[in-house]
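Read-outs: derived from the displayed coordinates by stated rules, not from any lab. Model, not experiment: these values are computed from the prediction. Cβ sites come from the backbone with ideal geometry, for glycine too, and all protein chains shown count toward neighbours.
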Amino acid sequence: MKIALLSSSVPTINGGYRFIVDWLAEVLRGEGHEVEAIYIPFEDAPESILDQMLCFRLMDLTASADRLITFRPPAHVVPHPRKVIWFIHHIRAFYDQWNTSYCPVPDTLPWRGVRAQLMHADEVGLREARAVFANSRTVQTRLRDFNAVESEVLYPPVLHPERFHNAGYGDEIVAVCRFAHHKRQHLMVEAMRHVRTPVRLRLCGARTEYSDEIAASAARLGRGNVSLELDWISEEAKAQRLARALAVAYLPLDEDSYGYPVLEGAHASKASIVPADGGGTLEFVRDGEDGLVVEPNPQAIAQAFDTLWNDRALARRLGESARARIDTLGISWDVVVRRLLA
């Protein structure tokens, strides 16, 4: 089958939204399909969003592919008679982040008009699909509440999970993810001011303006218990960091899905520390069962760090449960391919 995988992308910004496309492409090619992964540049500039969506709408891939699978918005507005949507998030500033500090435009009549047109375009594109999948129950709920569109949850796996392994439970809480304010690495560093054990924190991710702020904060801490790797980390290096980690920390605000850091940690039999307002992360991590759910403040995070440092048996039990949860939730490429190609 000729399959086109289509997603928007932000130039120079890498991350999970690319992994889901690239990894699916590799899996589908391995099963004998002819696959083209297509990335269309898209900037979340509010004043040009509708114009950019029109460009997507004018694409015609009908003669090029037997099936079109779309991911990051507004790819889903591209028409195709056999379109399947694996929806990973909305343009959130106009949806769940509307009229919040994360929305770059004011709640005024003109911008409400833009928001209404955006939602209408989304609904047209979504309802054209022969199937709509959401990458989490959180996104499934947003689709239902905002767009009155039903979807099936299809959790994204990681590629080659066998590379992740457990080499014991060391002294480090490891956080591997993009440095961004809504990922809240600053809360982890601030938590290290309050720990009472020799627990260490390792933050890994490509350098950004926010990471420079984090580095300055860690330097002011002056205790030497925070390590930063400000570079893009390979999957192999990531697996090595996780192998000897005590646990994983991932503290996003209202995340769309469980987040690859949580899943990668689980493949290494490591528990994750996630926030009570972490959105999709709470679909995977159950407090006291597969990890620890904490209030998003430095004191609570520090207590979780200390708890796992003081109780390695607990860290092991939670980590082993996290590994089993992958199978319980049916997170596998076999499931993904079967549903997307049904």
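Given springs between every Cα pair under 10 Å in a Gaussian network model of the chain, which of Arg220, Arg200, Arg325 has the largest fluctuation?
Arg220
Under unit Cβ charges (Lys, Arg +1; Asp, Glu -1), what dipole magnitude, rounded to 20 debye, does the stretch 2-154 have relative to its Cα centre? If you can, show how the numbers build up before the last one.
Values: 16 positive and 19 negative charges, 52 e Å.
In total the dipole reaches around 240 debye.
Order these peptides, 280-286, 318-324, by their mean beta-carbon neighbour count within 10 angstrom, highest first.
Result, highest mean Cβ count within 10 Å first: 280-286, 318-324.
Would you look at the GNM of the chain, springs on alpha carbons closer than 10 Å, and say which of Ile49, Ile301, Ile173 moves the most?
Highest fluctuation among the options: Ile49.
Between the stretch 278-332 and the stretch 125-191, what is the separation of their alpha carbon centroids in Å?
Going from one Cα centre to the other spans 15 Å.
Within the chain, count lysine pairs with alpha carbon atoms under 30 angstrom apart where the residues are 8 or more positions apart or belong to different chains. Write down the numbers at each step before the final one.
On the way: Lys2/Lys83; Lys183/Lys238; Lys183/Lys270; Lys238/Lys270.
Taking the Cα cut-off of 30 Å, the pair count is 4.
Which whole-percent values make up P(r) of the stretch 231-278 when all C-alpha to C-alpha distances are grouped in 5 Å steps starting at zero?
5, 22, 29, 23, 16, 5, 0
Calculate for the chain the 222 nm mean residue ellipticity that helices alone would give, adding -39,500 (n - 2.57) per DSSP H run of length 4 or more and normalising by residue count, nearest 500 deg cm²/dmol.
Working: 11 runs with 130 residues, N = 342.
Helix contribution divided over all residues of the chain: -11500 deg cm²/dmol.
In terms of the Cα gyration tensor, with a ≥ b ≥ c the square roots of its eigenvalues, is the stretch 2-154 rounded because a/c is under 1.5, prolate because a/b exceeds b/c, or oblate?
Working: a/c = 1.71, a/b = 1.66, b/c = 1.03.
Taking the square roots of the gyration eigenvalues as a ≥ b ≥ c, the stretch 2-154 is prolate.
If a/c stays under 1.5 just call it rounded; otherwise compare a/b with b/c (prolate if a/b is bigger, oblate if not). Do that for the stretch 19-77, with a ≥ b ≥ c from the square roots of the Cα gyration tensor eigenvalues. Don't skip to the end; give the middle numbers.
Numbers: a/c = 3.73, a/b = 1.81, b/c = 2.06.
Because a/c hits 1.5 or more and a/b fails to exceed b/c, the stretch 19-77 counts as oblate.
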